[in-house]
1. If we only count helices (runs of 4 or more DSSP H) wholly inside the stretch 108-227, which ones have 1 or more residues that are among the polar types (S, T, N, Q)?
2. State which residue pairs qualify: first residue under 11 Å from D66 (Cα atoms) and inside the stretch 143-171, second residue open to solvent by 10 Å² or more (accessible area, probe 1.4 Å) and assigned to a strand (DSSP E or B) in any location, beta carbons under 9 Å apart, and separation of 6 or more residues or different chains.
3. Using the structure shown, decide if K29 is modelled with pLDDT of 95 or more, closer than 30 Å to T176 by Cα and surrounded by fewer than 21 Cβ atoms within 10 Å (Cβ to Cβ).
4. What number of residues within the stretch 102-127 are open to solvent by 20 Å² or more (accessible area, probe 1.4 Å) and at pLDDT 90 or above?
5. Looking at (1) modelled with pLDDT of 90 or more; (2) in contact with a helix residue (DSSP H, G or I) (Cβ under 6 Å, 6 or more places away or on another chain), which one does S180 not meet, given that it meets all the others?
6. Go through (1) open to solvent by 70 Å² or more (accessible area, probe 1.4 Å); (2) modelled with pLDDT of 95 or more; (3) under 16 Å from the mean Cα position of the chain (by Cα) one by one and return the number of the condition K155 breaks.
7. Across the stretch 248-269, what is the total count of residues that are open to solvent by less than 60 Å² (accessible area, probe 1.4 Å) and assigned to a helix (DSSP H, G or I)?
8. Restricting to the stretch 222-237, and then to whatever is of a type outside the set (V, I, T) and open to solvent by 40 Å² or more (accessible area, probe 1.4 Å), can you tell me which residue is nearest to C195 (Cα to Cα)?
Amino acid sequence: MLDARLSQAEKLINLTSKVNSEVSSSKTKLLTITSGKGRDGKYTFIANFAYILSQKNLRVLVLDADIGLANMQVLFDVKPVVTLFDYINGHKKLQEVIIETKYPNLSLIAGKSGYQYATNSSSFIFSRLVQDILDLNFYDILIVDTGAGLNDYVKEFLKVSTNILAITSTDPSALTDVYSLIKMLAIDKKSLMLCFNHTKNDLVGETISNSLINLAKKNRLKSEFVIKYIGSVPSSENITKIARARKIFVNEFPQEEASFRLHSIVDRVLKNI
């Protein structure tokens, strides 16, 4: 059993090195967006984030890797007949599972709601999927939307990612989860970008980020690891309403404060990746 685990670990290390090499040689920037818990607005954030990038004339591909939930297709108002699992299972070619949304420059690889995929939890199939997309060398940015928490699927995507953005809220349990993420990433990553959702102002997010940084220092996490606060998105009733209507908030309400904040966050992320 131990030999098997060591073999699996060695495979992941080798694959991680290969994917990181592909990241540096591919024109496609890899950005993984994750969160500590659900109901933090991550899906709506990603949809708007990707839309803003596409409006900057960047080719954007969103990979809905939240295994079993598949929320992104709802927010982009598409009804996919193929999903990432059709490619993983060998039923379709990669290009055949990439769906063009109604927004120019914005494409999606959809997940599948209610799908149970336990057979490949240690086969690193998702890491290879990322590598295959990078090998296309077509998109400017690949956004991987992971599920909430730190299950094996999420850890696999985080392992091969050089740019990681965590979405959290000021809820105590959410902060506990994001600190667990920080402790894990500090082992072998250089940095983590941190964004707060549903906050009253930028100062709240900045203050809590500084508290997390001080806590990391107190617990003697790797000193080279950097937590980068990149902004906060205020609450808005229109965000929820427009998401239910399968529309993009920043497109429908460009003059709202939340839209301005989202644009600012996109610009800060672009400077970091």
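1. Result: 125-136, 172-185, 202-218.
2. Cβ pairs passing all conditions: V154/A148.
3. Yes: the conditions hold for K29.
4. Residues that pass the stated criteria total 4.
5. (2)
6. Evaluating K155 over (1) open to solvent by 70 Å² or more (accessible area, probe 1.4 Å); (2) modelled with pLDDT of 95 or more; (3) under 16 Å from the mean Cα position of the chain (by Cα) leaves (2) as the failure.
7. 10
8. Once the filter is applied, the top-ranked residue is Y229.
The values are calculated or read from the model by the stated rules, or taken from the named source; none is laboratory data. The model shown is predicted, which means the values in this text are computed figures rather than measured ones. Note that each Cβ is placed from the backbone with ideal geometry, even for glycine, and that neighbours are counted across all protein chains shown. Remember, those area values only see protein heavy atoms, side chains included, never the ligands or the DNA or RNA. Shrake-Rupley method; radii C 1.70, N 1.55, O 1.52, S 1.80 Å.
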